[in-house]
Amino acid sequence: MRLHSTANRNWLLGAMVLVLTCVFAEGQQSSTTVTETCNLSGYATPQRVSETRSEANGVALETRVTEVPSVNGGYRLFSGTERETVKVDANTVRVVERSFFPDSNGERRFSLVTESVTTTLPGGRNSS
């Protein structure tokens, strides 16, 4: 018995993916992926997920933002994550990750910030 076959098929039919890639000045690159999902069966809330990646001068910034329908007919922020990766030197990488949610005014409010530094030691082992 397949209870969710119609819902799964409708979910896949309702998904739309748009990918944009831009190349800027030499050494700088950026790409954006926007995925909009709508469930024609009505079992899940539609959402839009935007993922952006940019890299320049040894710094990579990845952002993922999830939006859901607002009462005004557009979309509103639901949650997001920013991840900044910096190559400090040939053996060291620093990663800062920031998670955020909307405050009562719909503006980004950081809820969690984590930072880690990883160094590659002789012999290929990592030290965090």
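So for segment 30-41 (the condition being at pLDDT below 90, part of a strand (DSSP E or B) and loosely packed, with under 11 Cβ neighbours inside 10 Å), does at least one residue qualify? Within segment 30-41, not a single residue is at pLDDT below 90, part of a strand (DSSP E or B) and loosely packed, with under 11 Cβ neighbours inside 10 Å.
Can you work out which of the residues in segment 96-128 that are touching a strand residue (DSSP E or B) at 6+ places or on another chain (Cβ under 9 Å) and not in a strand (DSSP E or B) is modelled with the highest pLDDT? This residue is ASP103.
Taken over segment 43-95, residues that are part of a strand (DSSP E or B), more than 20 Å from the chain's Cα centre (by Cα) and either of a type in the set (Asp, Glu) or on the phi > 0 side of the Ramachandran plot (or both) amount to 1.
Taking SER111, is it surrounded by 10 or more Cβ atoms within 10 Å (Cβ to Cβ), under 25 Å from THR45 (Cβ atoms) and under 20 Å from the mean Cα position of the chain (by Cα)? Against the criterion (surrounded by 10 or more Cβ atoms within 10 Å (Cβ to Cβ), under 25 Å from THR45 (Cβ atoms) and under 20 Å from the mean Cα position of the chain (by Cα)), SER111 qualifies.
The values are calculated or read from the model by the stated rules, or taken from the named source; none is laboratory data. Computed from a predicted structure; not experimentally measured. Using ideal geometry, Cβ is built from the backbone for each residue, glycine included, and neighbour counts are taken over all protein chains shown.
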